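Remarks on the structure that follows.
What follows is calculated from the coordinates using simple rules that are stated; it is not laboratory data. All of these numbers come straight from a predicted model, not from anything done at the bench. All Cβ positions, even for glycine, are placed from backbone atoms using ideal geometry, and neighbour counts span all protein chains on display.
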Amino acid sequence: MQIASTPAIVTGGASGLGAATARLLAERGARVAIFDREPEVGQRTADAIGGLFCAVDLTSHAQVEAAFAQARTAHGQERILVNCAGIGGPAKSVSRDKQTGEIRPMPIEHFERMVQVNLVATFRCASLAAAGMLTLPPLGPDGERGVIVNTASIAAQDGQMGQVAYSASKAGVAGMTLPLARDLMAEGVRVNTILPGIFDTPMLQRGASHVKAALAASVPFPRRLGDPAEYAAVVEMLVTHRYLNGECIRLDGGLRMAPR
């Protein structure tokens, strides 16, 4: 799939991995729409790349449908969708209070919220985008209609203590990659998933400097945090490489996460 002049949507595109992806796609000539729930940051990012910002809560089906309609009115039917939106947050399945000994199960709302944002919203956007892509004429010698890139995490494969909800949601994203690609194989839509490791994003930047240094040192090589631009470069490869389909690609500097 060529990028130049192609309509593209990036969810979670206001900052972090999504912003880097939106920036690269715009630099390559795509007409980029950013879906995000942060209006100030989202609009600023969209203005910087000459794109469109759509304020949307991805857990609302009605809002997502409206955002797709807004993006398509402005740019045309997208042929590229990159799902970067997601949330994190530690919580053990069951915890014991060190002072009182009280046993507390994880609040089920925490698990449900993680799954709704990371997994259900990813599928919602992928499904709606694919439905639109199927209305388009096929392109090139392979008859390609569109490309979907989802974002999981290395926690999908080696989640740490306190990551059960996050790992389950991201494992779901990784797990649906191949069957989604197979569902769409006769229609010329490719689907791939990136599993990032520890990246220098706003979520991580809020942490203490010594914590960031320890995380960087845990990466085998190169011994540093990932640069969001490196994630965006893999998105570019997945969009333009027509033979990559149904794949889950770890992007982690060789890191395998310890139990804690």
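Applying both filters, DSSP loop and at most 14 other Cβ atoms within 10 Å, to the GluC sites (Glu not before Pro) of the stretch 88-156 gives Glu102. Taking 0.36 nm per residue of sequence separation and removing the Cα-Cα distance, the Ala258/Glu27 pair yields an extension gain of 79.4 nm.
Calculated mean residue ellipticity, 222 nm, the chain: -12500 deg cm²/dmol, from DSSP H runs (n ≥ 4) at -39500 (n - 2.57) each, averaged per residue and rounded to 500.
Neighbour counting of Cβ atoms within 10 Å sorts the residues Ser167, Ser153, Ser95, fewest neighbours leading, into Ser95, Ser167, Ser153. Between Arg182 and Val120, the distance separating the two model label sites (each 7 Å from Cα on the Cα→Cβ line) works out to 2.6 nm. With a Förster radius of 22 Å, plug the Cβ-Cβ distance of Met203 and Arg113 into 1/(1 + (r/R0)^6) and report the FRET value to the nearest 0.05. So the FRET efficiency works out to roughly 0.90.
Here is the P(r) of the chain: all C-alpha pair distances, binned every 10 Å from 0, give 7, 31, 36, 19, 6, 1, 0 in whole percents.
Around the Cα centre of the chain, unit charges on the Cβ atoms of Lys, Arg, Asp and Glu (plus for the first two, minus for the last two) sum to a dipole of about 540 debye.
Any idea what angle helix 16-27 forms with the longest principal axis of the chain, computed on alpha-carbon atoms, 0 to 90 degrees, nearest 10? Once rounded, one gets 20 degrees. Taking amide H as placed 1.01 Å from N in the peptide plane, Leu251 has its amide H under 5 Å from the amide H of Leu195, Gly197, each at least 5 places away in sequence or on another chain. Mind grabbing the base-10 log of I(q)/I(0) for the stretch 102-201 at q = 0.19 Å⁻¹? Debye formula, identical points on the C-alpha positions, no solvent, two decimal places. Ignoring solvent entirely, the Cα scatterers give -0.92. Of Val173, Val56, Val211, the residue with the greatest mean-square motion in the GNM of the chain, using alpha carbon springs below 10 Å, is Val211. Amide H contacts of Leu52: Val32, Ala33, Ile34, each under 5 Å away and 5 or more positions distant or on a separate chain (H built 1.01 Å from N in the peptide plane; Pro and chain starts excluded). In this simple spin-label model, placing a label point 7 Å from the Cα along the Cα-to-Cβ direction at both Leu134 and Asp47 gives a separation of 4.0 nm. Where both bridge residues fall in the chain, DSSP classifies roughly 15% of the beta bridges as antiparallel.
For the stretch 69-86, the Karplus equation 6.51 cos²θ - 1.76 cosθ + 1.60, evaluated at θ = phi - 60°, returns couplings of 4, 4, 5, 5, 5, 7, 10, x, 4, 5, 10, 10, 10, 10, 8, 10, 5, x Hz by residue, with Gly and Pro reported as x. Annotation: average projected area of the stretch 1-98 is 8.0 square nanometres, based on the convex hull of Cα atoms across all directions. The relative contact order of the stretch 76-196, computed from alpha carbon pairs under 8 Å that lie at least 6 residues apart in sequence, is 32 percent. The stretch 153-189 and the stretch 208-260 have Cα centres separated by 16 Å. 3J(HN,Hα) along the stretch 244-260, derived from phi through the Karplus expression 6.51 cos²θ - 1.76 cosθ + 1.60 where θ = phi - 60°, amounts to 8, 8, x, 9, 10, 10, 6, 10, 8, x, x, 6, 10, 6, 6, x, 9 Hz, with x in place of Gly and Pro. For the stretch 167-183, putting each phi into the Karplus relation 6.51 cos²θ - 1.76 cosθ + 1.60 with θ = phi - 60° gives couplings of 4, 4, 5, 6, 5, x, 5, 5, x, 8, 4, 5, x, 5, 4, 5, 4 Hz, in residue order, rounded to whole numbers and with x for Gly and Pro. Scanning residues 5 or more positions from His241 or on other chains, none has an amide H under 5 Å from its amide H, with H placed 1.01 Å from N in the peptide plane.
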